[in-house]
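Reviewing the structure listed below.
The values are calculated or read from the model by the stated rules, or taken from the named source; none is laboratory data. Here the structure is a predicted model, which is why all the values come from computation and not from measurement. Here the Cβ positions follow ideal geometry from the backbone for every residue, glycine too, while neighbour counts run over all protein chains shown. Ligands, DNA and RNA are excluded from the accessible area calculation, which covers all protein heavy atoms including side chains. Shrake-Rupley method; radii C 1.70, N 1.55, O 1.52, S 1.80 Å.
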Amino acid sequence: MTAISHMGEPAGLMVFRIVCEWLTLAALLLVFGLGAFAATVARTGIEPRVLPQRFSTAIRWAALAQLAILPLVLIAAVACMARVGPYAAITLIPKVLHETHFGHIWIASAPLAALLALTAWSPSRLNRVRAGGLALIGAVLLVLWAASGHAVDYGRAAIAVYFIHEAAAGLWIGSLAGLWLVAGLGDRVVESIAPRTSRVAGWCVATLILSGTYAGYDALGLSLDRLLYSSYGRALIWKMGLFAVVVAIGGYNRCRLIPGLNIASGRQTLLRNVALESVLLVAVLGLAALLGNTPPPR
Ligand code: HEM
């Protein structure tokens, strides 16, 4: 999340920080993605208010999780900045909030994270307006996330590209998880939503490759050595490798399963694959959080 060099931070502290950012990113991208899914699913003839309860439950707990972990993200970042333990870091928080770019971004994010949780836990049934509101608040939080990452060292265009990258990741995860969560509404629903999910996923994959290559170039330049021998480069290679596995599963779904959705076994295999893709993408996010905390070699 912050462009902090991490010479000398205790490994445990760095792991604590990466896990906090991973969980926050996963929860935030899920709320953003499911919000966008619910706000646009009506195009397939399904009103958001009929979405199953487990859809709203997933949004609510993810929204609460991103809010609950945000203070831990702050403590972990301050501890890494000052190279002190979490408890000592707490006394330094006012100074960091007041004097650092990271602190200013955190102050701007906290009320929005609270608003996101409040909007998700509103007692009324989920409708298109509230779903759109969740996606919008989530998008603003993703812009702030991008603005406090390595992108800040490469300028405004890089911040915009990082945001587009994160939004594509969120829409992909949201579409897959959304399809899986609404599958209980019946075979007709799966038959009408699955092709749309596959199209959205295709556009997200293309956007992730383009924006990821841009961000990768900023961090590595055109140096094969930096890609192969720097810790940043190796983390990126692992991330692209896992990404390739997910794209292969998605490609199989699109070519072999989507054309045969009228067959029950085909639908079941598709939903199993979609669940596997979602889990693997959460793992990719872990590598993204690792990248976000590894100093770029350039
Ligand atoms: C070819 C595929 C991809 C490439 C080349 C790529 C490359 C990158 C690069 C270079 C960064 C910047 C990291 C930094 O220095 O802060 C990044 C960030 C990020 N990537 Fe990817 N990426 C790819 C696919 C994905 C996928 C599939 C996802 C998730 C589903 C994803 C999610 C993210 C997120 C959330 C960040 C922001 C991390 C942070 O700031 O903490 N990327 N990616």
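Can you name the helices (runs of 4 or more DSSP H) wholly within segment 83-182 that have at least 1 residues being within 22 Å of Leu29 (Cβ to Cβ)?
It comes to 101-120, 128-147, 156-182.
If you check Ala27, Ala68, Ala42, Ala38, which single one turns out to be outside any loop (DSSP other than H, G, I, E, B), closer than 30 Å to Ala194 by Cβ and at pLDDT 95 or above?
Checking each option against the conditions leaves just Ala27.
Out of (1) open to solvent by less than 40 Å² (accessible area, probe 1.4 Å); (2) near the ligand (Cβ under 8 Å from one of its atoms), the odd one out for Ala275 is which?
Unmet condition: (2).
I need every pair where a residue in segment 287-298 that is over 10 Å from Ile18 (Cβ atoms) and open to solvent by 50 Å² or more (accessible area, probe 1.4 Å) has its Cβ under 8 Å from the Cβ of a residue that is more than 6 Å from the ligand (Cβ to nearest atom) and assigned to a helix (DSSP H, G or I), sequence separation at least 6 or different chains.
Correct list of pairs: Pro297/Leu220; Pro297/Arg226; Pro297/Tyr232; Pro297/Gly233; Arg298/Asp218; Arg298/Leu220; Arg298/Arg226.
Take Val282 and tell me if it is in a helix (DSSP H, G or I), under 20 Å from Val200 (Cα atoms) and open to solvent by 40 Å² or more (accessible area, probe 1.4 Å).
It is true that Val282 is in a helix (DSSP H, G or I), under 20 Å from Val200 (Cα atoms) and open to solvent by 40 Å² or more (accessible area, probe 1.4 Å).
Report, by residue number, each residue of segment 218-231 that is within 23 Å of the chain's Cα centre (by Cα), more than 7 Å from the ligand (Cβ to nearest atom) and buried (at least 18 other Cβ atoms within 10 Å of the Cβ).
Result: Asp218, Leu220.
Just a yes or no: is a residue in segment 245-268 aliphatic (A, V, I, L, M), open to solvent by less than 40 Å² (accessible area, probe 1.4 Å) and closer than 30 Å to Gly233 by Cβ?
So far as segment 245-268 goes, yes, one or more of its residues are aliphatic (A, V, I, L, M), open to solvent by less than 40 Å² (accessible area, probe 1.4 Å) and closer than 30 Å to Gly233 by Cβ.
Would you mind telling me which numbered condition in (1) farther than 17 Å from Gly170 by Cα; (2) within 15 Å of the ligand (Cβ to nearest atom); (3) more than 14 Å from the chain's Cα centre (by Cα) Leu290 fails?
Result: Leu290 passes all but (3).
Return yes or no: is Leu51 crowded, with 20+ Cβ neighbours inside 10 Å, out of contact with any Lys or Arg (no Cβ under 8 Å at 6 or more places or on another chain) and at pLDDT 95 or above?
no
Output yes when any residue across segment 116-133 is hydroxyl-bearing (Ser, Thr, Tyr) and free of Cβ contacts under 8 Å to residues at least 12 places away in the same chain, and no when none is.
The answer is yes, given that some residue of segment 116-133 is hydroxyl-bearing (Ser, Thr, Tyr) and free of Cβ contacts under 8 Å to residues at least 12 places away in the same chain.
Would it be correct to say that Ala194 is open to solvent by less than 30 Å² (accessible area, probe 1.4 Å), more than 10 Å from the ligand (Cβ to nearest atom), under 20 Å from Val279 (Cα atoms) and part of a helix (DSSP H, G or I)?
Yes.
List pairs: first in segment 194-207 and at positive phi, second part of a helix (DSSP H, G or I) and open to solvent by 30 Å² or more (accessible area, probe 1.4 Å), Cβ under 7 Å, 6+ apart or cross-chain?
none
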